[in-house]
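Data first, discussion second: the structure below is written as structure tokens.
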Amino acid sequence: MSEKWIKNEYGFIELLDKPTQKELDLYYSNKYYQEGLSSTYGLKYDNQESQYIFNKIHQKNLLIEEISLIKQGNFLDVGAGEGFALKYFFDLGWKVTGLDYSSFGVKLHNPKLEQFLIKGDIFNNLSKIIKNKEKFQLIWLDNVLEHVLDPYLLMVNLHKILDKNGVLVVEVPNDFSVIQKYLLSKSYIDNEFWICTPDHISYFCREGLTNLADASGWYANNFLSDFPIDLDLFSKNSNYIETPNLGRQSHLKRVEIENLLHSISPKKTNVLYQALSELDIGRNITGFFTKIN
């Protein structure tokens, strides 16, 4: 254990000094997207980046279709961000709903989808959905779990509103990974750069996410990782932590390689990233869950 964090009962890392809910509400409703503070989302994208975003959603949907026979229904994006997943599934004929603290991202990138966005505290809005006994066949939780004060409660609440034959998709940063720990031990980096507050309160690996899901009533059907951008940190020529202005270059390289792999075969790309997830390699990890009961 460090002075900053502790490994909890589920096997993932959580901060010892957490922000208050009031501080988080203010941060996400007024600053996160508006001031470009998100490391995941941007104020604008070029064509390659836009294609990359939709390719990654498409790859995930291929695994969803392997797990569930449901091809249309009610889709819920918890933490809808810029609305790209809303657009993808809306175009496929799903009835879409998004939850987010702010409408800024959707207004900027997918303004036609704003009508499907419920703005405000995610937990409060989920409580209303539970009270109304609404059900969804597909729930999307993309880079949200690490931001909330109580990941277990969020997973329990989502369990209450997923259809018995539905699928929950959860993506989180793959933090305290094998590569990150190796880089730190060999002094390629001199700090745990992936710890960022107040953005991230919890830090997941595949094992920690699986344990949390199991404790809250979920069965893990499959996992994907993604491009292991942290490999760039092995070389001074591409170490974007040591030299931050190299970060954009590393990101664009990742985008181009990911798009190339997708153009060859989305299904084979998934096979690659399924294998890498078993090795704990990849910057992000995505779990595909169904209800145990």
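Within the chain, the longest segment free of exposed loop sites, counting GluC sites (Glu not before Pro) that fall outside DSSP classes H, G, I, E and B and have at most 14 other Cβ atoms within 10 Å, spans 135-241. In the full protein context, the stretch 198-238 carries 36 Å² of accessible surface per residue, based on a 1.4 Å probe and ignoring ligands, DNA and RNA.
Evaluated at q = 0.08, 0.10 Å⁻¹, the base-10 log of the normalised Debye intensity for the chain, with identical point scatterers placed on the Cα atoms, takes the values -0.32, -0.52. Pairs spanning more than 22 Å between alpha-carbon atoms, out of K87/K107; K131/K291; K4/K181; K44/K267; K7/K135: K44/K267; K7/K135. Here the stretch 113-185 has 52 percent of its accessible surface on carbon and sulfur atoms, given a 1.4 Å probe and all protein chains in place. Bridging of K112 to aspartates and glutamates at a Cα separation below 15 Å is possible for E82, D91, once same-chain residues fewer than 8 apart are set aside. The helix-only estimate of mean residue ellipticity at 222 nm for the chain, built from DSSP H runs of length n ≥ 4 each weighted as -39500 (n - 2.57), is -12000 deg cm²/dmol after division by the residue total. Sequence neighbours fewer than 8 away in the same chain don't count; with that in mind, list the lysines whose C-alpha is under 16 Å from K128. Counting by Cα, and skipping residues close in sequence, K128 has these lysines nearby: K119, K160. For the stretch 57-152, the solvent-accessible area with a 1.4 angstrom probe is 43 square angstrom per residue.
The values are calculated or read from the model by the stated rules, or taken from the named source; none is laboratory data. Worth saying up front: this structure is predicted, and the values here are computed from it rather than measured. Every residue, glycine as well, gets a Cβ built from its backbone with ideal geometry; the counts of neighbours run over all protein chains shown. Each accessible area value is taken on the protein alone, full model and side chains, heavy atoms only, with ligands, DNA and RNA left out. Shrake-Rupley method; radii C 1.70, N 1.55, O 1.52, S 1.80 Å.
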